[in-house]
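The values are calculated or read from the model by the stated rules, or taken from the named source; none is laboratory data. The structure presented is a predicted model; accordingly, all values stated were derived computationally and were not measured. Glycine gets a Cβ as well: all are built from the backbone with ideal geometry, and neighbour counts include every protein chain shown. With ligands, DNA and RNA removed, areas are computed over all heavy atoms of the protein, side chains included. Shrake-Rupley method; radii C 1.70, N 1.55, O 1.52, S 1.80 Å.
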Amino acid sequence: MSNVVRVSGVTKSFKLGKIEVQALKGVDLRIDRGEYLSIMGPSGSGKSTLFNMIGGLDKPSTGKVFIDEVDIAQLDAYELAWLRCRKIGYIFQTFNIIQVMTALENVTLPMIFAGLANDAAVQKGMKLLEQVGLGDRHSHKPFEMSGGQQQRVAIARALANDPAIILADEPTGNLDLTTGEEIIALLKRMSQERGVTVISATHDFKMLNVSDRVVWIRDGRIDKIENREELSISIGRIGARE
Amino acid sequence: MPDRIFSDRTAASAPSNRLVVLPFGKSVEIAYKSIRVRFFRSLITTLSLVLAVSFLSFTDVSNDVANGMLASDSAGLRQALVRAGYDLGPEAKNVASSPKQRWILILSLLVCTVGIVNAQLMAVTERFREIGTMKCLGALDRFVLRLFILEAGMQGLVGSVAGALLGAVFALLAGGLRFGGAALQQVAMAHVGASIAAATGIGVALSLLGVLYPALVAARMQPVEAMRVET
Ligand SMILES: Nc1ncnc2c1ncn2[C@@H]1O[C@H](COP(=O)(O)OP(=O)(O)OP(=O)(O)O)[C@@H](O)[C@H]1O
Ligand SMILES: [Mg+2]
């Protein structure tokens, strides 16, 4: 089976004045369709940078990223917008709900971009909001919602165009323990029910329980990749250490 | 570029092959709501425009009043104008703004445009994250551009109409107080209408001119840059 995401020899460096910071130092990664993958690592290890590369939000300095075996560096502005709109759903630590729009308007916006008629978008948007447990909140603005509720809206919005991939950068970073667990459970349920590939950068150990695979990165490189079976050992170790 | 890319979904659900869209009606709706939500800020942005346009319209309509009085061929009204300080030669058939008046007008419009640019740049900065989010959802540069221009156009239209009417009303009131009701009866309403329309047009044009650069900045922004900004 072909990989839904393939990262090949990706490096990324940022110039800060005269100094060059190498955020990624050569990353190779293959991600299967329907997989729930966590990218773990300490702060500053390059998780968000890798996230941006996979999501087509930034270009690698060298190396290539393939989505469905298409090199995204080859896409023009229109194709890239289409990729962001239809293929990938993004979830951020800061939720990034558009403040001036209601929950429903946030969820329908990507469907409008995708060319769906307004009525159809509203209908589907309501269904998605129900699925994330916010059916009665559709006309609320973000500032009237809690962080957990905003993140649910973000998940519904990310699923709007039935993407192949959900990319989540520290989705639980701004949430308390229980709310974080609920969000993780919701992501897992969506990935199972819809067969969406979930890729999530995090340093939240709660995420490990639901992950099919965990990629540990350290200092811009992949340290190790563990499958679900091997994980319990690591978790045991972490538990022992803390 | 292989054509089969993304074919699984395109074939099924998107007849408009791999093209993201934002219908015009929807753009107007989003722009309108955006203004309404940020009503106070929009008001501030528009206020300098209202003032400048009302000044323009006041000057023009005042001239219309004076010209109406001249056209009446009444010696009394002509005398009244001269007493009020209008520089009329014996053969003069109409009055126009003096070079100094025109200079002040141009300056006020210029200041107002700079004010709009400044306010719109701030609005763009405030909305970095919103713009970045939209781009992550698939918005093209021109969607963002269009939204900002529509917003500025709506604000400009409302502000200019308000300013032009305000200026005209004040000019007519002032004319009535200075020269009496008889003078106002001579005013050609068509001219006043034309002055109001011209002032409105100039106001809208300035408002669009002022938003052009900020809107381009917003539209060209890369989603990563936009997302990195802490709010
Ligand atoms: N735009 C940028 N300009 C300069 N340096 C950057 C930029 N983005 C990231 N970096 C650097 O790249 C490195 C990796 O950053 P990154 O944001 O990917 O880390 P992270 O693993 O996501 O960390 P965290 O867990 O804190 O979010 C850091 O050293 C950071 O300073
Ligand atoms: Mg990060």
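Quick notes
- From A:Val100, A:Val70, A:Val27, A:Val5, residue being within 16 Å of ligand 1 (Cβ to nearest atom) and of a type outside the set (D, E, K, R): A:Val27
- Qualifying residue in the range A:171-184 (condition: crowded, with 21+ Cβ neighbours inside 10 Å and away from ligand 1 (no atom under 16 Å from the Cβ)): yes
- Considering residues of the range A:48-66 that are touching a helix residue (DSSP H, G or I) at 6+ places or on another chain (Cβ under 6 Å) and hydrophobic (A, V, I, L, M, F, W, C) only, the residue farthest from the other protein chains (Cβ to nearest Cβ): A:Val65
- Residues of the range A:77-99 satisfying the condition of being among the hydrophobic types (A, V, I, L, M, F, W, C) and either touching a residue at least 40 places away in the same chain (Cβ under 8 Å) or within 16 Å of ligand 2 (Cβ to nearest atom) (or both): A:Cys85, A:Ile88, A:Ile91, A:Phe92, A:Phe95, A:Ile97, A:Ile98
- Taken together, the residues in the range A:117-144 that are open to solvent by 20 Å² or more (accessible area, probe 1.4 Å) and of a type in the set (A, V, I, L, M, F, W, C) amount to 5.
- Strands (runs of 3 or more DSSP E) within the range A:1-76 that include 1 or more residues more than 16 Å from ligand 2 (Cβ to nearest atom) and open to solvent by 30 Å² or more (accessible area, probe 1.4 Å): A:5-16, A:19-31, A:62-67
- Single residue of the range B:125-152 satisfying the filter (of a type in the set (Val, Ile, Thr) and open to solvent by 40 Å² or more (accessible area, probe 1.4 Å)) that is farthest from A:Arg157 (Cα to Cα): B:Ile149
- If you go through the range A:77-93 and pick out every residue that is open to solvent by 30 Å² or more (accessible area, probe 1.4 Å) and more than 8 Å from every other protein chain (Cβ to nearest Cβ), you end up with 1.
- On inspection, A:Ala114 fails the criterion of being within 11 Å of another protein chain (Cβ to nearest Cβ), open to solvent by less than 30 Å² (accessible area, probe 1.4 Å), within 22 Å of A:Lys47 (Cα to Cα) and more than 16 Å from ligand 2 (Cβ to nearest atom).
- Residue within the range B:82-90 that is of a type in the set (Asp, Glu), touching a residue at least 60 places away in the same chain (Cβ under 8 Å) and more than 14 Å from every other protein chain (Cβ to nearest Cβ) present: no
- Given (1) closer than 28 Å to B:Ala164 by Cβ; (2) at pLDDT below 95, index of the condition B:Val53 fails: (2)
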